[in-house]
Amino acid sequence: MAIRVVVADDQEIVRTGLTMILDAQPGIEVVGEAADGGRAVELARHLRPDVCLFDIRMPNMDGIEATRRLAGPAVADPLAVVVITTFDLDEYVYAALRAGARGFLLKDSGTALLTQAVHAAAEGDALIAPSITTRLLTAFADAGPAAPPRQPVDALTDREEQVLVAVARGRTNGEIADELHISLSTVKSHIASLMAKLGVRNRVEIAIWAYETDRVRKGLGPPK
């Protein structure tokens, strides 16, 4: 089954370009297009695509609010949203991730990264453009979270701490498995356990929690 995608961007030439790129990829099909956030939300709720690809700056309703309505903390059955924008501004990225986005890309990221982000989101994973991941999360960790980070339901194991930091550093499941010398299924089990203990829904929220609690700068990670 092809990954079904809804694309929303107020610039027709960009919207058409994204659609052409995605439709040309095996296993991906664009099933709807929208020129503003309000229409994007309507389409997404009607079509229930596997992935929504939203621009941030759109009329009537921006991509952040559209993301919040489809994937925010209050949504019982959230959709997977990847935000794509021209603007490499920290506050946009952070707001999008807080709204529930599973990925954040710049429009010049290229076909390969765009395709990878769509596949990752469809599989319940998350991808943020490597050029902004560490800088973004570190900057907001330095500024401090808006509220004290939530405490895990149960204490994290040493291995979960290692997986946590690897996720925050943008490692894929395969890379984590190689670094820690464990199987892919074990990595997935640890990530599922982390989401349950931290009360988060995806890898992006795991990464944010890791930075907010200063895990990454403390140098936690795979054993030397």
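Brief remarks on what is shown
- Using alpha carbons only: equivalent-ellipsoid semi-axes of the range 1-112, gyration tensor based, whole Å: 19, 17, 13
- FRET efficiency for the pair Lys107 and Met1, taken as 1/(1 + (r/R0)^6) with r the Cβ-Cβ distance and R0 = 22 Å, rounds to 0.20.
- Computed E for Ser185/Arg150 - FRET, C-beta separation, R0 30 angstrom, nearest 0.05: 0.65
- The label point for Asp214 and the one for Val75, both projected 7 Å from the Cα toward the Cβ, are 3.4 nm apart.
- Relative packing of peptides 152-160, 116-124 - highest average C-beta neighbours within 10 Å first: 116-124, 152-160
FYI, it's all coordinate maths here, none of it is from the lab. Quick caveat: nothing in here was measured; it's all calculated off a predicted structure. So basically every Cβ, Gly included, is an ideal-geometry build from the backbone, and we count neighbours across all protein chains shown.
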